[in-house]
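Report on the structure given below.
The values are calculated or read from the model by the stated rules, or taken from the named source; none is laboratory data. In this text the structure is predicted, and so the values were computed from the model without any measurement. Using ideal geometry, Cβ is built from the backbone for each residue, glycine included, and neighbour counts are taken over all protein chains shown. To get the accessible areas, we keep the full protein, side chains included, count just its heavy atoms, and leave off ligands, DNA and RNA. Shrake-Rupley method; radii C 1.70, N 1.55, O 1.52, S 1.80 Å.
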Amino acid sequence: CRRIRKRIETVGSQLTKRFKIDQIRVHDLWHFQHRLIRKILAHTVCVFLNLVYNRPPLDLDGLIAA
């Protein structure tokens, strides 16, 4: 359970700090949903690229530096 919890907290932290998921400013639900989906998709693509390059999946700093 600790490994799963740590991974969930790490992903939540990355979405909050790097992708500013807590600061989405919109006027309606439709735009909010699409901005949220784009941010989650960007995070998923970063994790996928890390897996392709045989790197730790949640090491987004290393992906930017590489």
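To make sure I understand the rule: partners must be aspartates and glutamates, Cα under 18 Å from the Cα of LYS17, and not fewer than 8 residues away in the same chain. Which ones qualify?
GLU9, ASP59, ASP61
Step through the residues of the range 26-43 one at a time and calculate ³J(HN,Hα) from phi using the Karplus curve (6.51 cos²θ - 1.76 cosθ + 1.60, θ = phi - 60°), rounding each to whole Hz and writing x for Gly and Pro.
So the Karplus estimates, Gly and Pro as x, are 9, 9, 9, 5, 4, 5, 4, 4, 6, 5, 5, 4, 5, 5, 5, 5, 4, 5 Hz.
Kindly write out, for the range 17-22 in residue order, the coupling ³J(HN,Hα) from the Karplus curve 6.51 cos²θ - 1.76 cosθ + 1.60 (θ = phi - 60°), rounded to whole Hz, with x marking Gly and Pro.
Along the range 17-22, the couplings run 7, 7, 9, 6, 5, 8 Hz.
Go through [x] 15.1; [y] 13.0; [z] 12.6 and flag the label whose value is the computed Kirkwood radius over Cα pairs in Å for this structure.
Correct label is [y].
Counting alpha carbon pairs within less than 8 Å and at least 6 residues apart, what relative contact order, in whole percent, applies to the chain?
22 percent
What nm distance separates the two modelled labels at LEU41 and ARG18, each placed 7 Å from Cα along Cα→Cβ?
1.8 nm
May I ask you to derive the FRET efficiency for LEU63 and ASP28 from their Cβ-Cβ distance with R0 = 35 Å, giving the value to the nearest 0.05?
Approximately 0.60, to the nearest 0.05.
For the chain, what is the calculated [θ] at 222 nm in deg cm²/dmol (nearest 500), taking -39500 (n - 2.57) for each run of four or more DSSP H residues and dividing by its residue count?
The helix-only estimate for the chain comes to -23000 deg cm²/dmol at 222 nm.
Mind ranking PHE48, PHE32 by accessible surface for me, highest first, 1.4 Å probe?
Ranked list, largest accessible area first: PHE48, PHE32.
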